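Read through the structure below, which is laid out as structure tokens, and then see the notes.
Derivation of every value follows stated rules applied to the coordinates shown; laboratory data play no part. Quick caveat: nothing in here was measured; it's all calculated off a predicted structure. Please note: Cβ atoms are built from the backbone with ideal geometry, for glycine as well, and neighbour counts cover all protein chains shown.
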Amino acid sequence: MHAEPRIWSYAATLLGSPILLKLFHDDPAVARRTFRLIKQLENLLTVNRTPSQVMDINLAAGRHPVTVSAPVFALIARAQAASLRPDSLFNFAIGPLVKRWKIGFRGDSVPPAAEIAALLPLTDPQRVVLDAASHTVWLPQAGMALDLGAIAKGYIADRVRDDLRQQQVDRALINLGGNVHTLGAGSDAGWSIGLKTPFAGPETLIGALQVRDRSVVTSGIYERWFEQDGRLWHHILDPKTGYPLDNELLSVTVISADSIDGDIWTTLLYGMGVERGLAALAQEPALEAIFVTRDRRVIPSSQRHYTFTLLDDSWQWLPVGY
Ligand code: ADP
Ligand code: MG
């Protein structure tokens, strides 16, 4: 037996989440630079305060197009493309509904049905006008609003990975609260990443994934929610109805090279459910997913770039169909 390599951990609270950076050498300068980068990117993309490029777009709704930086424009174009896929659950123009529900923020409550019905027409992703030549984004009606909450962490995780590589860091893990990105391997087995038990304590795990040089993104209905009228209302909204989407799933985890793909696809797959999700993934060889269902099944689409250890056998690990 050889000794486990020593790991240094650095923590911060950013993006409304606890952020964790793990390195193989003590390097507070790298940690500071990483947290500063996350803060800068959060400030570009947030819809909760100014100044932010996305906030500028929202504040100009119904008034004028807004010029944004090239990377922000590229991210918004990705978000629109994901939103315009047939039957997509992903909708980057869902801002008015997210703001009204306030799920995970103070003052969350179930809005009256008439209010939801009135907001739905403001969330049509087709109506958002992007001009690639001038990098402008234009919300043609007052009250429209972009929300990049389902894609921002993935984008930021990739930028952190790139920045760490540029500093010659070849082994690291960054956890942005649900979005984990890894460089190299944490041990011979890779980095170990917990698959959380829905609605249990943060340390309670269904199992653990071992990966190297991969992103692992989980989107679950247990992450942010409130209770009212004996029901649980969570933060992944169905753009067709304006209400939280309820299906057989508790969470979806995507394993991919880039975290932005993981972030987009957790949302897309959550909307598809297990059967359609597995069929869609059969066409996407670069992506793998693990579905966690209400009836305690844990279903992987494939297992090319990770290994999985089940830690709680009250859940069924069902590697079917490949
Ligand atoms: P988290 O890591 O916070 O769970 P997700 O990637 O699951 O984030 O995205 C959820 C967030 O995306 C919500 O908090 C909201 O801001 C936004 N959102 C909610 N429903 C949708 C939707 N149908 N399409 C796109 N974004 C959404
Ligand atoms: Mg997401």
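Tell me the label-point distance for the pair L59, T204, using the 7 Å Cα-to-Cβ offset, in nm and rounded to one decimal. Computed distance between label sites L59 and T204 equals 4.3 nm. Between A77 and Q168, the modelled label-to-label distance comes to 3.5 nm, taking each label 7 Å out from Cα in the direction of the beta carbon. Antiparallel beta bridges, as assigned by DSSP with both residues in the chain, represent about 95 percent of the total such bridges. With contacts taken as Cα pairs under 8 Å at a separation of at least 6 residues, region 1-74 carries a relative contact order of 17 percent. Axis of helix 70-83 versus longest Cα principal axis of the chain: the two differ by about 80°, to the nearest ten degrees. With neighbour counts taken as other beta-carbon atoms within 10 Å, the residues D147, D258, D87 rank, fewest first, as D87, D258, D147. Farthest toward the positive end of the dipole of region 34-124, out of I116, L97, Q53, is the Cα of Q53, where the dipole comes from beta carbon charges about the Cα centre. The residues R294, R49, when put in order of fewest to most other Cβ atoms within 10 Å, stand as R49, R294. Compared with the alpha-carbon gap, the fully stretched path from S187 to A286 is longer by 33.3 nm at 0.36 nm per residue. Karplus-based coupling profile of region 217-225, in residue order and whole Hz: 10, 10, 10, x, 6, 8, 6, 9, 6, with θ = phi - 60° in 6.51 cos²θ - 1.76 cosθ + 1.60 and x standing for Gly or Pro. The slack in the chain from R6 to R85, taken as 0.36 nm per residue of separation less the alpha-carbon distance, amounts to 24.0 nm. For region 244-322, GluC sites (Glu not before Pro) are listed when DSSP marks them as loop and at most 15 other Cβ atoms sit within 10 Å of their Cβ; the list is E248.
Remark: relative contact order (region 171-322) = 21 percent; criterion is Cα-Cα distance under 8 angstrom and separation of 6 or more residues. In a fully extended conformation the segment linking L232 and N48 would gain 63.8 nm over its present Cα-Cα distance, using 0.36 nm per residue. Under a 5 Å amide H cut-off, with hydrogens placed 1.01 Å from N, A289 pairs with I255, S301, S302 among residues at least 5 apart or on other chains. By the count of other C-beta atoms within 10 Å, a proxy for reagent exposure, W191, W233 are ordered fewest to most as W233, W191.
Taking region 243-261 and a reference point 7 angstrom along Cα→Cβ of D295, the backbone N atoms nearer than 17 Å belong to 247-251. Distance between the C-alpha centers of region 175-220 and region 89-103? Whole Å please. Taking the Cα centre of region 89-103 as reference, the centre of region 175-220 is 27 Å away.
Dividing the radius of gyration of the alpha carbons in region 265-322 by their Kirkwood radius gives 0.94 for Rg/Rh.
Per the Cα gyration tensor, the chain maps to an equivalent ellipsoid with semi-axes of 32, 25, 18 Å, ordered largest to smallest.
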